[in-house]
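Remarks on the structure that follows.
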Protein chains: 2
Amino acid sequence: MHSDSSRLPYYSTIPTPQSPIESASMSATQGINVAIIGVGLVGTSVIQQLTTVAGLSSKLHIVALQNSKKTLFSTPTSPLSLAGADWKSLLANSSTSALALPDLVQELQKITRDSGRHTAVVDNTSDEKVAAFYPEFLAAGLSVVTPNKKAFSGPIELYNDILKYKSNDVAGSKGPLVYQESTVGAGLPIISSLTDLIATGDEITKIEGVFSGTLSYIFNEFSTPKGGDKKFSDIVKFAKENGYTEPHPNDDLSGSDVARKLAILSRLVPELKDALPQGYLSVPTHSLTPAPLADVASGEEYVQRLPEFDADYDKLNKEAFDQGSVLRYVGVIDVKKGEIKASLETYPATHPFASSLSGSDNIIAFHTKRYSARPLLVQGSGAGADVTAMGVVADLIKIAERRS
Amino acid sequence: MHSDSSRLPYYSTIPTPQSPIESASMSATQGINVAIIGVGLVGTSVIQQLTTVAGLSSKLHIVALQNSKKTLFSTPTSPLSLAGADWKSLLANSSTSALALPDLVQELQKITRDSGRHTAVVDNTSDEKVAAFYPEFLAAGLSVVTPNKKAFSGPIELYNDILKYKSNDVAGSKGPLVYQESTVGAGLPIISSLTDLIATGDEITKIEGVFSGTLSYIFNEFSTPKGGDKKFSDIVKFAKENGYTEPHPNDDLSGSDVARKLAILSRLVPELKDALPQGYLSVPTHSLTPAPLADVASGEEYVQRLPEFDADYDKLNKEAFDQGSVLRYVGVIDVKKGEIKASLETYPATHPFASSLSGSDNIIAFHTKRYSARPLLVQGSGAGADVTAMGVVADLIKIAERRS
């Protein structure tokens, strides 16, 4: 993870198809630079959008790619060169080993100076160490965009460090920005809607939603207004076999992903300022995993033993059905009560969470002073590389609009 | 509508509580100036949000108010003075008659220069003449924010003139911006979501929604999954008596408001660039007003005679019910078919437009390449002063973020 930055093949790795004079005069100080950490499914989709969507290449100039093994630098004046290039091979064959993050910051500061453009770092990993480094990126004047939930749902100290540097709300500042739309609901307008509601003075009374695509799918199959004729364990098994769950289903069924999203949203609500969770682990979370399976290390053994507990799930489902309701695994931030929880709840068959939801969609309801009679609802696919990348790229566009 | 601008009580009308030195040093070039045309229900709510919401007064400095009678100028360095002031009296007692728009532009250019801040004009009217002046505002370097549908749904020539000056998508430009979130669905994230989808390269296949709060209410009452036991005419009568309709219900039932919203949205979809409506009047629109009532000039006579046609509405409702469906008045932009229409359609009882909608809510579904299995849905109140003002103020914040 270390390299001698004085020997970096700097500004030379990616071929430059454009005339440097032409490109320098056209775009030298327009738009922003983008440095991408993590080039898996989401990172690949981010690069695909940045290099192929009309109008983006003049605003968002990819200057660096980094995965766990290698780093590749582009030149600030020839971002388009990535478009036609096989960047995966270029990165794999880069002579630069993956830089330690402090070294990466130094290089990006140099690129920022040389290009005369602001630089944003995109973290497409789910790595805690990268998340823990955001304050350093920001202190160096680099903006941060990410779908990585770790920094915003982890220790409150890290979050507060980020807030110290984030200048999103400071009028006239040219400081670093933090955008995190894809940390909740992928490309759905969740964070931006909440931010707009709050910035214009609305009062949030309750945020309630189905935040996990996996748990949305499982309960939309298991518990319907017409009852349920499938075994809970069969649905989980099918979901695992088709990649709808993490390799170990407990990673979804534990509710911790929902707890993380609740920590993220609650930290944006001013009224909760003094009652914030220290981290997602302090969000009261109802695990759907039966206690005897809590320590089963293998995902295969987990799904094999889950049928032992079908009667328990059926009982809950029948109780809900007898009340004319369905089961949904939701996250609730009740601002008035000061209560935050991830739990299995019942909703009447006519409620949008019961009647309107299907597939693996997320649905989020914002109850506010202005939207008091009925909430503002956002619904749609809340997972997947393309829609996650869309949230990232839309955030990058916002930074380019503010800092170029 | 004319005044001698050399004799304007310039920078002197509103009292200045702050020390000019302090305020000049703190905020002279931070944020943007805001000039507000139209101070009715929406305008009042915009001013209320700008003057009372924490953090906004340092970003958004009200420098002018204008209604049909008077104009009032604030000073660029003491925007807070409006907060505690009775601005309605100040405006009513202003010695300046309402300026002709060319004169207003001159004054705002002077304020822009003197303050060193960008200036945005907010048009809270529904006036065609103000809308027709947007190109002049923009040519003078002033940004435009508005809930007024006229400019974006009217003659395509006016719209194209606006596009000539609008620099929202130009990287590095400091030119004027146009934001119009509240022209469709008030504060709901409709325009911003569509803009983000397109900017990140998604392909819109269909936009479909209940765009009229009034028609949403009428059909949510009239046509339910359990059938309908109310007379159409009774619902319209009740709606009119309670202010849910315009004074003449035909203004809602004609569908022209929906046609305007379809013109607005379709003009944002690149794939429709060569097939755009010349104006909302060229959007095929199914009027709900019975032909014999089309020329009834009085709203009272209209509701009095509407019962003559209840049997027709009942027939449609029963046909839908017999198919397990409900009636909804929707707007549809089918990009693939190149078809735009405002019409009465049937939706199965399980469709979100049938099962999830209630009250006078809007619901809008974006079907795209990325959101193909199920659409991105936004639902909530799409009318009312506070939520409309919220859309306007959120737009102003975006301009302040980009131009301060």
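Some observations on this one:
- Of all the listed residues (B:ALA400, B:ALA311), the sole one being more than 10 Å from every other protein chain (Cβ to nearest Cβ), at pLDDT 95 or above and either out of contact with any helix residue (DSSP H, G or I) (no Cβ under 8 Å at 6 or more places or on another chain) or in a loop (DSSP other than H, G, I, E, B) (or both) is B:ALA311.
- B:ARG370 without any contact (Cβ under 8 Å) to a residue 60 or more places away in the chain, facing chain A (nearest Cβ under 9 Å) and either part of a loop (DSSP other than H, G, I, E, B) or among the acidic types (Asp, Glu) (or both): no
- Evaluated against (1) polar (S, T, N, Q); (2) more than 8 Å from chain A (Cβ to nearest Cβ); (3) not in a helix (DSSP H, G or I), B:SER358 falls short on exactly one condition, (2).
- Residue in the range A:121-128 that is closer than 26 Å to A:GLY391 by Cα and out of contact with any strand residue (DSSP E or B) (no Cβ under 9 Å at 6 or more places or on another chain) present: yes
- On the stretch given as the range A:57-69, residues that are within 14 Å of another protein chain (Cβ to nearest Cβ) and either surrounded by fewer than 20 Cβ atoms within 10 Å (Cβ to Cβ) or over 21 Å from the mean Cα position of the chain (by Cα) (or both) total 4.
- Single residue of A:TYR165, A:TYR217, A:TYR179 found to be touching a strand residue (DSSP E or B) at 6+ places or on another chain (Cβ under 7 Å), touching a residue at least 24 places away in the same chain (Cβ under 8 Å) and among the hydroxyl-bearing types (Ser, Thr, Tyr): A:TYR179
- B:LYS174 vs. criteria among the basic types (Lys, Arg) and either assigned by the TED database to the domain that holds B:THR245 or modelled with pLDDT of 95 or more (or both): no
- Test: residue in the range B:237-258 that is crowded, with 16+ Cβ neighbours inside 10 Å, without any contact (Cβ under 8 Å) to a residue 40 or more places away in the chain and touching a Pro at 6+ places or on another chain (Cβ under 7 Å): no
- Selection status of A:ASP196, touching a Lys or Arg at 6+ places or on another chain (Cβ under 6 Å) and modelled with pLDDT of 95 or more: no
- Number of positions in the range A:315-350 that are assigned to a loop (DSSP other than H, G, I, E, B), modelled with pLDDT of 95 or more and surrounded by 15 or more Cβ atoms within 10 Å (Cβ to Cβ): 1
- Among (1) closer than 20 Å to B:ILE47 by Cα; (2) within 14 Å of chain A (Cβ to nearest Cβ) - the single one B:SER167 does not satisfy: (1)
- Candidates B:ILE62, B:ILE47, filtered to the one that is touching a residue at least 40 places away in the same chain (Cβ under 8 Å) and either under 30 Å from A:GLU271 (Cβ atoms) or in the same structural domain as B:VAL393 (by the TED database) (or both): B:ILE47
- Looking only at the range A:301-337, and only at residues there that are within 32 Å of the chain's Cα centre (by Cα) and of a type in the set (Phe, Trp, Tyr), the one that is farthest from A:ILE363 (Cα to Cα): A:TYR302
Yes/no per residue for (1) small (Gly, Ala, Ser); (2) surrounded by 14 or more Cβ atoms within 10 Å (Cβ to Cβ):
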residue: B:GLY227; (1), (2): yes, no
residue: B:ALA263; (1), (2): yes, yes
residue: B:SER266; (1), (2): yes, yes
residue: B:LEU288; (1), (2): no, yes
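- Annotation note: Cβ proximity below 6 Å between a residue of the range B:373-385 that is facing chain A (nearest Cβ under 7 Å) and on the phi > 0 side of the Ramachandran plot and a residue that is surrounded by 24 or more Cβ atoms within 10 Å (Cβ to Cβ) and acidic (Asp, Glu) (sequence gap 6+ or interchain) occurs for B:GLY380/B:ASP361.
- One residue from A:SER182, A:SER254, A:SER173, A:SER233 being of a type in the set (S, T, N, Q), within 14 Å of chain B (Cβ to nearest Cβ) and more than 30 Å from B:VAL46 (Cβ to Cβ): A:SER182
- Among the residues of the range B:259-300, the ones that are closer than 19 Å to B:GLY213 by Cα, touching a residue at least 60 places away in the same chain (Cβ under 8 Å) and assigned to a loop (DSSP other than H, G, I, E, B) come to 1 in all.
- In summary, helices (runs of 4 or more DSSP H) completely within the range B:96-184 and bearing 1 or more residues that are hydrophobic (A, V, I, L, M, F, W, C) and surrounded by fewer than 24 Cβ atoms within 10 Å (Cβ to Cβ) occur at B:101-115, B:128-132, B:134-139, B:156-165.
- Counting only residues that are within 30 Å of A:LYS336 (Cβ to Cβ), modelled with pLDDT of 95 or more and assigned to a loop (DSSP other than H, G, I, E, B), the range A:203-235 holds 4 of them.
- Members of the range B:194-213 that are crowded, with 24+ Cβ neighbours inside 10 Å, within 11 Å of another protein chain (Cβ to nearest Cβ) and not hydrophobic (A, V, I, L, M, F, W, C): B:THR200
- Test: residue in the range B:74-85 that is assigned by the TED database to the domain that holds B:LYS174, touching a helix residue (DSSP H, G or I) at 6+ places or on another chain (Cβ under 7 Å), aliphatic (A, V, I, L, M) and at pLDDT below 90: yes
- Comparison of B:SER153, B:SER143 shows that the only residue that is in contact with a His (Cβ under 9 Å, 6 or more places away or on another chain) and among the hydroxyl-bearing types (Ser, Thr, Tyr) is B:SER143.
The values are calculated or read from the model by the stated rules, or taken from the named source; none is laboratory data. What you are looking at is a predicted structure, and each value in this text was computed from that prediction instead of being measured. Positions of Cβ are generated from backbone atoms using ideal geometry, with glycine treated the same way; all protein chains shown enter the neighbour counts.
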